[in-house]
Amino acid sequence: MQLTENGYRIDGISPLELCEEYGSPLYVYETAKMEAQYKRLQKAFKGSKLKINYACKALSNINVLRFFHQLGSGLDTVSIQEVELGLKAGFAPGDIIYTPNCVSMEEIKKAVEKGVKINIDNLSILEQFGAAYGNSYPVCIRMNPHIMAGGNIKISTGHIDSKFGISIHQTRHLERLVKSLDIRVEGLHMHTGSDILDVDVFLRGAQLLLDVAYDFKDLKYIDFGSGFKVAYKSGDIATDVEELGEKMTKLFGEFCESYGRELEIEFEPGKFLVSEAGYFLCKVNVVKQTTATVFAGVDTGLNHLIRPMFYDAYHHIENMSNPEGKKRVYTVVGYICETDTFASDRQISEIKEGDILAFYNAGAYCFQMSSNYNSRFRPAELLIHKGKAHLIRQREEFSDLLKNQVEVEI
Ligand SMILES: *Cc1c(COP(=O)(O)O)cnc(C)c1O
């Protein structure tokens, strides 16, 4: 988003015009930002054999998947449905890694049939996998090093009580299963889920994984997951990708030397690649002054953007209709019959009814977590590519609410 003398522009296009043409609320994504983030990560790791797997649960519109495929990315998936979306988008099975948690052995077998890379995160399933496939199908093992490099415990997966990964303290048991069932381990993986605020803490977790890696002789890659943090508000600490690239390249290079072979280093960012590429535009229905507060009530709610209520996430808000206006204090709330507060006591350019507001950082985990609560339609999605807007998802309509409902005589 740029502020020009003619107002706000998303890759050259006015958000007000987008809302006029496509209605509101509206998700808008720009490929230029996705590409810039992808290339920034590539550049930071130019000294290693890097593979980036886009974590598509963040934003899984098939056009976004196709765009990352064109950039040369692989795909990180967490369900068999995401695997199928990835294949449909054109990814080769070998470029898709499937990292489920607490899914059935049946679903894992389906993923094996598709030929994708399988990442197993518990010993019980590993034992069943070994019994079924022996060394005929390679696996990746998801370890949990119990390192938290910062951030919110709700989104962290690295702490001791987490349901994710095989604890680093179970390595002995893991090795026993691998040996007795003749399992071919081609990858090791960690994804602590916590934000990388401190590169050195992250490196300590990485080192723990590398220490385990010496025990597996057939490795092709080591996947360090994600945790790349982007700024949601000014002053936020974002992951220093360049520092991470420099230090990891050195650490990994030294490891490969003593391991005896050059392995691929993999990462699977979601948020880092798409968060800042997205904006969520909505219209102000009502400005409501109570004895205590000035509310701006908008034509959306937790049905379309739940992160502020779910994670206490901060999403920056600007008034697209009044770029230079005097700042006033508002509490921005949704139209759902719940307390769906997007922002409390925010300074925003003076708001009039009918104005268009934009939520920033709306590319990751926003549309994807939307629902039909209150029987509202899910919004449309637009992709801006090379200065041109493409509708990539139609706004829902009434028939969508009844789709799959079965009307019976009772
Ligand atoms: C969600 C997820 C990611 C992506 O996390 P971000 O914070 O969006 O970068 C990567 N790997 C796995 C296994 C995940 O579940």
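The values are calculated or read from the model by the stated rules, or taken from the named source; none is laboratory data. Since this is a predicted model, take the numbers as computed values, not measurements. Cβ atoms come from the backbone with ideal geometry, glycine included; neighbour counts cover every protein chain shown.
Observations, loosely collected:
- Within region 267-281, the set of residues being of a type outside the set (A, V, I, L, M) and either within 8 Å of the ligand (Cβ to nearest atom) or within 8 Å of the chain's Cα centre (by Cα) (or both) comprises Glu268, Pro269, Gly270, Lys271, Phe272, Ser275.
- Considering only residues in region 42-56 that are buried (at least 21 other Cβ atoms within 10 Å of the Cβ) and closer than 11 Å to Glu268 by Cα, the one that is farthest from the chain's Cα centre (by Cα) turns out to be Ile52.
- Filtered residues of region 297-326 (kept if touching a residue at least 40 places away in the same chain (Cβ under 8 Å) and small (Gly, Ala, Ser)): Gly301, Ala313, Ser321
- Residue match in region 362-371 (condition: of a type outside the set (D, E, K, R), in contact with a Ser or Thr (Cβ under 7 Å, 6 or more places away or on another chain) and not in a loop (DSSP other than H, G, I, E, B)): yes
- Test result for Gly47, more than 13 Å from the ligand (Cβ to nearest atom) and in contact with a Ser or Thr (Cβ under 8 Å, 6 or more places away or on another chain): yes
- Among the residues here, Lys39 does not qualify as among the charged types (D, E, K, R) and not in a helix (DSSP H, G or I).
- Test for Glu242: is it farther than 20 Å from Asn53 by Cβ and at pLDDT 95 or above: yes
- A Cβ distance below 7 Å, combined with a sequence gap of six or more or placement on separate chains, defines the contacts here; from region 54-80, residues that are of a type in the set (Lys, Arg) reach residues that are away from the ligand (no atom under 13 Å from the Cβ) in the pairs Arg66/Ala89; Arg66/Gly90.
- Filtered residues of region 333-358 (kept if part of a strand (DSSP E or B) and in contact with a helix residue (DSSP H, G or I) (Cβ under 9 Å, 6 or more places away or on another chain)): Thr341, Phe342, Ala343, Ile356, Ala358
- Selection of helices (runs of 4 or more DSSP H) fully inside region 182-296 by the criterion of at least 3 residues being surrounded by 16 or more Cβ atoms within 10 Å (Cβ to Cβ), touching a residue at least 60 places away in the same chain (Cβ under 8 Å) and out of contact with any His (no Cβ under 9 Å at 6 or more places or on another chain) returns 241-259, 271-274.
- Verdict on Lys33 being over 18 Å from Asp76 (Cβ atoms) and either part of a loop (DSSP other than H, G, I, E, B) or within 16 Å of the ligand (Cβ to nearest atom) (or both): yes
Conditions tested, residue by residue: (1) modelled with pLDDT of 90 or more; (2) away from the ligand (no atom under 16 Å from the Cβ); (3) not assigned by TED's automatic domain parsing to the domain that holds Thr249.
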| residue | (1), (2), (3) |
| --- | --- |
| Arg142 | yes, no, no |
| Gly150 | no, no, no |
| His169 | yes, yes, no |
| Asp182 | yes, yes, no |
| Val185 | yes, yes, no |
| Leu188 | yes, no, no |
| His191 | yes, no, no |
| Gly225 | yes, no, no |
